[in-house]
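Visitor: This is the structure I want to talk about, given as C-alpha cells.
Every number here is computed from the coordinates shown, using simple stated rules; none is lab data. Keep in mind it's a predicted model, so treat the numbers as computed, not measured. Every residue, glycine as well, gets a Cβ built from its backbone with ideal geometry; the counts of neighbours run over all protein chains shown.
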Amino acid sequence: EKIPVVLLYNVDPQWTQAEKEEVISLSTHLGHALIEVGYSTIFVPIADDDIADHLHPFDPSEHIIFNWCESLPGLRHSEWLVAKRLEMLGFTFTGADSETLALAQDKYRVKVLLEQAGIPTPAWRIFRHGEPCEWDHFPAIVKPMNEHCSAGITRESVVLNQTELESRIPFILDTYQQPAMVEDFIDGREFHVSVWGNEKLTVRLDIRLRDNVFYVLDVNPNADISHEASMACAAEVAGISYGQMGSMFVRLAARRHPVFGKMSEPQEPAKKQSAIKRSRAKRASSFKEPQAS
C-alpha cells in the first residue's frame, strides 16, 4: 500500500487569473501523474499564510507532504518558512529542509561555500549602497543577491562596460532593496544537472562551460519540477516517467518518516530495472479537480 500524499502548492490572491490557472494546471498535472502510479493524492492550495489550518485534517503519521509551495502569499522570500512550519507541525515532506532553503536564498553564502569547497564558480563581488562600482571583468552580469527563479535577471542584466555597470547596480539596489551581486558572465554552453537519491539530497545545479572548465552558477535545492522543466525532461530521457519521478521524491521523503521509513526504500523505475537486469544477465551468461478563484 502506497503512502497517502498531500500535494501542497501556493496560489497567491494577488496573482492574475492567468497566473493562478497556470499554477493550478501544473499542480493538476503533477497530481494526475502521482495518481497514475498509485498514490492517493489530495490537493491543498495555500492562499494565505495559515498552513496549520489547511493541514489540520491530516495526520503527520499517516501522510507525506509533497511540498510544491514556493512561498506564503504576501511574504517575500518565504520558501524556507513553508518548510519551517511543516517541520514545526511534525510533517515529513519532499524536498529540502528549512535550513537548506534559507541558505540557498543567500547567494553570498552559497558563493562562499562553493569557493571553500574548491568548486569553480564565476568571479563575483557584492555591492551595496554607497560603495564604488569597481569591477574590471566584462562582460558581467548583475543580479539581486537574495532572489531566485531568475528574478531580476533580464537582457539588461548583462553589462559590457563600466558605464552600463554603474547604471545597473543602482537599479538592482533600488528596485529590489537588497545588495547587488556582480559576476563574470560565462558565455558558454549551459547544463542543468539534477541530483537526487543520495540520502535526502535533491538539487539542481546550473552549470556553464567555458574553456573546458565547468562553472557552477547556482544551486537549486527545490528546483522547478513541472512536467516541461529541465529536471522532468532529463528524467524522461533517462527512461523515468513524470509519475515515476514524483514517486521517487515521495519515497525519498518517506525514508525520513517515523512510520514509513523502514518500508519505503526507493526502487529503480521499471524501465530502468529491466535495462539493469538485461545488463546483469548479459554479464552473467478521490481526487477533485482544483479550480482557480
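Visitor: Which far-off residues, 5 or more places away or on another chain, put their amide H under 5 Å from the one on D218, with H placed in the peptide plane?
Guide: Under 5 Å from the amide H of D218 lie the amide H atoms of D206, each far enough along the sequence or on another chain.
Visitor: Okay, next question. Tell me the net charge near P179. Cut-off is 14 Å between Cβ atoms, P179 excluded, with +1 for each Lys or Arg and -1 for each Asp or Glu.
Guide: Net charge in that neighbourhood comes out at +2.
Visitor: Apply the Karplus curve 6.51 cos²θ - 1.76 cosθ + 1.60, θ = phi - 60°, to the phi angles in segment 210-216 and return the couplings in whole Hz, x for Gly and Pro.
Guide: Listing the rounded values in order: 9, 6, 6, 10, 8, 10, 7 Hz.
Visitor: Further question on the same structure: Modelled label-to-label distance, Y108 and A123, 7 Å Cα→beta-carbon offset: nm?
Guide: The modelled label-to-label distance comes out at 2.1 nm.
Visitor: Another question, then. Given the alpha-carbon gyration tensor of the chain, what are the semi-axes of its equivalent ellipsoid in whole angstrom, ordered largest first, with each equal to the square root of 5 times an eigenvalue?
Guide: Equivalent ellipsoid semi-axes, largest first: 36, 26, 17 Å.
Visitor: For E156 paired with D136, estimate the spin-label separation in nm (one decimal), with each label point 7 Å from Cα along the Cα-to-Cβ line.
Guide: If labels sit at E156 and D136, their model points lie 2.9 nm apart.
Visitor: How do D224, D106 rank when sorted from fewest to most other Cβ atoms within 10 Å of their own Cβ?
Guide: D106, D224
Visitor: Here is a follow-up. Any chance you could run the full-extension gain for S25 through A234? It's 0.36 nm times the residue separation minus the Cα-Cα distance, nm to one decimal. It would help to have the intermediate numbers written out before the result.
Guide: Details: separation 209, 0.36 × 209 = 75.24 nm, distance 2.11 nm.
Full extension of this stretch gives 73.1 nm more.
Visitor: Separate question: For the chain, what does -39500 (n - 2.57) per DSSP helix run (n ≥ 4), summed and divided by total residues, give at 222 nm, in deg cm²/dmol to the nearest 500?
Guide: The helix contribution divided over the chain gives -11000 deg cm²/dmol.
Visitor: Arranged by the count of other C-beta atoms within 10 angstrom, fewest first, what order do C69, C133 take? List each step's numbers first, then the result.
Guide: Numbers: C69 28, C133 18.
Neighbour counts put them in this order, fewest first: C133, C69.
Visitor: Separate question: Sorted by average packing, counted as other Cβ atoms within 10 angstrom per residue and highest first, what order do 19-25, 177-183, 55-61 take?
Guide: Details: 19-25: 16.3, 177-183: 19.4, 55-61: 13.7.
Result, highest mean Cβ count within 10 Å first: 177-183, 19-25, 55-61.
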